Amino acid sequence: MTAKGKTPGINRRKRGFERASSLVSNRVRTASESRGFAVSRLLTHWAEVVGPDIARVARPVDVAYGRGFGATLTLLTTGAEAPMLEMQKDAIRDRVNACYGYAAIQKLRITQTAATGFAEGRVQFEPAPKSVPKPNPVPEKAVKAAQSVHDDNLRSALERLGANVLSNTKR
């Protein structure tokens, strides 16, 4: 029993369910503050801040505060994407500053390894989205060949078979 005469944990149970984000928010905040991110929203909503195209090829790694006003944001990317990010530095900085609400970031630094060392510099980006194969249209010749069959299931099976036979190239 505690000083108020209640057992510990009763207040927690009375509140009901909690969002998972509220349970880990303190740990996320301390981890992000250790990297210089005053606003953890930049890390957790990176794709929404900079857009899906940039988020697919770059990750924020570090925010370093210098002696003057403003900070330097370090982005991790692959070697092939670095020149494309270099050309978009101004747009990225504007979007990140919009997330902060003021001109917090003055410079952007693009790196192919993490700012703290090689062990953390493993780039993990999403693969390109898988393309959905388009179904091949049934050729007119296959439809005509199966036209006299009265059963719908048998006719569609014969049309598919005819389409496969006609699509194979002769060797």
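Once the stretch 53-89 is narrowed to residues that are surrounded by 17 or more Cβ atoms within 10 Å (Cβ to Cβ) and of a type in the set (Ser, Thr, Tyr), the residue that is nearest to residue 43 (Cα to Cα) is 74. Report, by residue number, each residue of the stretch 136-155 that is surrounded by 15 or more Cβ atoms within 10 Å (Cβ to Cβ) and assigned to a loop (DSSP other than H, G, I, E, B). Hits for the stretch 136-155 are 138, 139, 146. For the stretch 120-128, state whether one or more residues are loosely packed, with under 15 Cβ neighbours inside 10 Å, modelled with pLDDT under 85, closer than 30 Å to residue 168 by Cα and out of contact with any Phe, Trp or Tyr (no Cβ under 6 Å at 6 or more places or on another chain). The answer is yes, given that some residue of the stretch 120-128 is loosely packed, with under 15 Cβ neighbours inside 10 Å, modelled with pLDDT under 85, closer than 30 Å to residue 168 by Cα and out of contact with any Phe, Trp or Tyr (no Cβ under 6 Å at 6 or more places or on another chain).
Results for (1) modelled with pLDDT of 85 or more; (2) among the hydrophobic types (A, V, I, L, M, F, W, C), shown as yes or no for each residue.
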{"position": "23", "(1), (2)": "no, yes"}
{"position": "32", "(1), (2)": "no, no"}
{"position": "38", "(1), (2)": "no, yes"}
{"position": "45", "(1), (2)": "no, no"}
{"position": "59", "(1), (2)": "yes, no"}
{"position": "68", "(1), (2)": "no, no"}
{"position": "110", "(1), (2)": "yes, yes"}
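Of all residues in the stretch 46-84, those being touching a residue at least 40 places away in the same chain (Cβ under 8 Å) and not in a strand (DSSP E or B) number 6.
The values are calculated or read from the model by the stated rules, or taken from the named source; none is laboratory data. The model shown is predicted, which means the values in this text are computed figures rather than measured ones. Note: ideal-geometry Cβ built from the backbone for every residue, glycine included; neighbour counts use all protein chains shown.
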